[in-house]
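Remarks on the structure that follows.
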Amino acid sequence: MKMLLFVAFGGAVGASARYAVSLAFINISCCQFPFSTFFVNTCGLFFLGVVLALLDYSWSASPEIRAFFVVGVLGGFTTFSAFSLDILILAERQRLDLLAAYLFGTLILSFAGLIAGLRLSRAIIT
């Protein structure tokens with residue numbers, strides 16, 4: 001039960017942060033590209049790399065704290081469901097150019113962000 005509360009609270013923090021990002025991007029709607037989801041997914045994976053490196057190398061956090069950040073905050077912040085919906089919307093609008101850019105850009109930059117976060121944090125910690 002205790003673990004569930006840590007994850008739930010972290011999820012509330014992450015989802016609230018994602019909502020704040022969507023408000024910040026509300027006026028950026030050029031070319032119908034889903035910038036807010038793109039931003040949270042790519043930045044979220046970078047921060048996942050940072051958190052994982054910290055947890056592995058310098059911070060011996062409890063399983064509850066680890067779940068709070070990794071599953072709760074970052075799981076609530078990044079969102080595959082919004083990403084999938086954005087892909088569907090771009091497909092329905094027949095914007096295959098934006099769909100391809102968004103799909104591959106998100107996948108490549110999110111993975112690159114994860115690697116960059118891990119490497120940067122490892123370099124600083126060790």
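So the values come out like this:
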read-out: Residue ID - most open to solvent (accessible area, probe 1.4 Å), chosen from residues in segment 100-126 that are within 27 Å of V13 (Cβ to Cβ) and of a type in the set (V, I, T); value: I124
read-out: Condition broken by A61, with the remaining ones in (1) at pLDDT below 90; (2) open to solvent by less than 40 Å² (accessible area, probe 1.4 Å); (3) not in a loop (DSSP other than H, G, I, E, B) satisfied; value: (3)
read-out: So V73, is it under 30 Å from I124 (Cα atoms) and touching a Gly at 6+ places or on another chain (Cβ under 6 Å); value: yes
read-out: Some residue of segment 22-31 being part of a helix (DSSP H, G or I) and on the phi > 0 side of the Ramachandran plot; value: yes
read-out: In segment 76-99, residue farthest from G44 (Cα to Cα) [restricted to those that are open to solvent by less than 40 Å² (accessible area, probe 1.4 Å) and out of contact with any Cys (no Cβ under 9 Å at 6 or more places or on another chain)]; value: L90
read-out: Residues being closer than 14 Å to G44 by Cα and either of a type in the set (D, E, K, R) or open to solvent by 30 Å² or more (accessible area, probe 1.4 Å) (or both) - total across segment 64-75; value: 4
read-out: L55, sole failed condition from (1) open to solvent by less than 40 Å² (accessible area, probe 1.4 Å); (2) within 14 Å of the chain's Cα centre (by Cα); value: (2)
read-out: Yes/no for A101 being touching a helix residue (DSSP H, G or I) at 6+ places or on another chain (Cβ under 8 Å), in contact (Cβ under 8 Å) with a residue 24 or more places away in the chain and in a helix (DSSP H, G or I); value: no
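The values are calculated or read from the model by the stated rules, or taken from the named source; none is laboratory data. As the structure is a computational prediction, the values presented were derived from the model and not from experiment. Please note: Cβ atoms are built from the backbone with ideal geometry, for glycine as well, and neighbour counts cover all protein chains shown. Ligands, DNA and RNA are excluded from the accessible area calculation, which covers all protein heavy atoms including side chains. Shrake-Rupley method; radii C 1.70, N 1.55, O 1.52, S 1.80 Å.
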